[in-house]
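Structure, as structure tokens:
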Amino acid sequence: MTPDRHRVLVTGAAGSIATAFVRATADEYEFTLLDLPGTLDAEQRALGSVVEVDLADISNLRGVMDGIDTVLHLAGQRSPSTLWEDLLPANIVGTYNVVAAAVAAKVPRVIYASSVHTVTGYTDGQIRESDPVQPDDLYGVTKCFGEALGAFAVSAEDLRSFVALRIGAFQDPAKLAAPDAGWMLRDYLAPDDFVDMLGLLITSDRQGFDIYNATSANRFGRLSMTKAAEELGFVPRSDAFAIASPFATAIAEVGGLDDRPALSGMRADVARLRGH
Ligand SMILES: NC(=O)c1ccc[n+]([C@@H]2O[C@H](COP(=O)([O-])OP(=O)(O)OC[C@H]3O[C@@H](n4cnc5c(N)ncnc54)[C@H](O)[C@@H]3O)[C@@H](O)[C@H]2O)c1
């Protein structure tokens with residue numbers, strides 16, 4: 001290991017997002033991988049230093065963040081149907097403990113896995129980061145707590161940077177072929193795109209409190225990706241509607257669609273009249 005690599009502590013390191021990110025960037029960063037005892041497999045353990053603790057007990061975090069440059073806080077209950085009794089220790093207490101430990105160790109930046117569920121109460125329109133939160137489940141409420149805690153830590157506790165990412169549906173692209181994949185298309189986040197976005201954030205010099213939507217370039221996306229493009233230069237590449245059947249078939253038939261009115265417009269007839 002080269003000594004000057006950026007030191008990243010990843011919580012929830014055995015989870016799906018952490019595994020994809022650490023595997024893709026193991027050569028770039030010096031990782032500390034934190035998860036519950038017994039959750040990290042042999043392949044994951046080989047990619048960094050390992051800390052096996054429950055985040056719900058703050059005494060477990062003493063010294064863990066010393067010398068860390070960025071905390072990537074992914075640990076938590078991720079299902080929107082999780083009961084309150086399980087959300088409380090993982091998503092509320094655990095997130096508080098992570099942020100408090102980061103402040104105590106003077107870690108410059110915390111990147112926090114928030115969720116589209118902070119705003120799934122909206123029934124229409126494209127949602128920007130500046131719109132008020134509107135969760136429609138308690139899971140989403142816990143993610144609103146994490147965002148508010150980050151804003152507080154920046155303004156009142158001298159945390160230099162807290163970035164909340166409103167993650168959509170992080171899934172392997174192969175899952176888009178499933179017949180029941182429709183629920184995820186608007187919010188789809190391809191692993192490659194998210195690895196790119198995290199890389200931009202880890203190396204960014206932004207300070208203060210930020211929220212960014214985090215999805216791929218889905219043509220009917222629920223979350224606006226304009227802010228991430230303008231402020232981070234994040235240009236996602238995947239479009240779930242171009243990957244998922246039967247949308248991909250329909251799009252291929254009309255020679256490629258590039259904007260929202262296209263599906264309800266005259267493109268299909270124009271393509272037929274042109275003999276495509
Ligand atoms: N996967 C998605 O599509 C998605 C979408 C929006 C937000 N998110 C958020 O991103 C984060 C990561 O998602 P994921 O899909 O990788 O989840 P995951 O369930 O695969 O991984 C979460 C990890 O957190 C660990 N963990 C839970 N409680 C812990 C505790 N008390 N102490 C230590 N570790 C603990 C688990 O053991 C697990 O390995 C979660 O916070 C989730 O809410 C995920």
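For the chain, give the percent of accessible area contributed by carbon and sulfur heavy atoms, probe 1.4 Å, rounded to a whole number. Accessible surface attributable to carbon and sulfur in the chain totals 52 percent.
Annotation: amide H-H contacts under 5 Å for SER224 (H modelled 1.01 Å from N, sequence separation of 5 or more, or interchain): ILE127, ARG128. Here's the picture: charge each Lys and Arg Cβ at +1 and each Asp and Glu Cβ at -1 in the chain, and of ALA101, ALA90, ALA181 the one pushed furthest to the positive end of that dipole is ALA181. Other residues with beta-carbon under 11 Å from the beta-carbon of GLN44 carry, at +1 per Lys or Arg and -1 per Asp or Glu, a net charge of -1.
Consider all pairwise Cα distances in segment 7-241 and report the whole-number % of them above 34 Å. I get 8 percent for the Cα pairs in segment 7-241 exceeding 34 Å. Pairwise alpha-carbon distances in segment 1-63 exceed 15 Å for 46% of all pairs.
Among residues other than GLU129 with Cβ under 12 Å from its Cβ, the summed charge is -2 (Lys and Arg +1, Asp and Glu -1).
Expressed as a whole number of Å, what is the distance separating the alpha-carbon centroids of segment 12-51 and segment 79-155? Segment 79-155 and segment 12-51 have Cα centres separated by 22 Å.
Please compute the per residue accessible area over the chain with all protein chains in place, 1.4 Å probe, rounded to a whole number of Å². Per-residue accessible area for the chain comes out at 48 Å².
Charges were assigned to the Cβ only: +1 to each Lys and Arg, -1 to each Asp and Glu. The resulting dipole of the chain about its Cα centre is roughly 540 debye.
Solvent-accessible surface of protein heavy atoms, probed at 1.4 angstrom with all chains present, puts ASP239, ASP4 in the order ASP4, ASP239, largest first.
Charged neighbours of THR118, selected by a Cβ distance under 13 Å, balance to -2 (K, R count +1; D, E count -1). Distances between every pair of Cα atoms in segment 44-148, grouped in 10 Å steps from 0 to the bin holding the largest one, split as 14, 41, 31, 13, 2 percent.
The values are calculated or read from the model by the stated rules, or taken from the named source; none is laboratory data. Nothing here was measured: the structure is a model prediction, and the numbers come from that model. With ideal geometry, Cβ positions are generated from the backbone for all residues, glycine too; neighbour counts draw on all protein chains shown. The accessibility values were calculated without ligands, DNA or RNA, using every heavy atom of the protein model including side chains. Shrake-Rupley method; radii C 1.70, N 1.55, O 1.52, S 1.80 Å.
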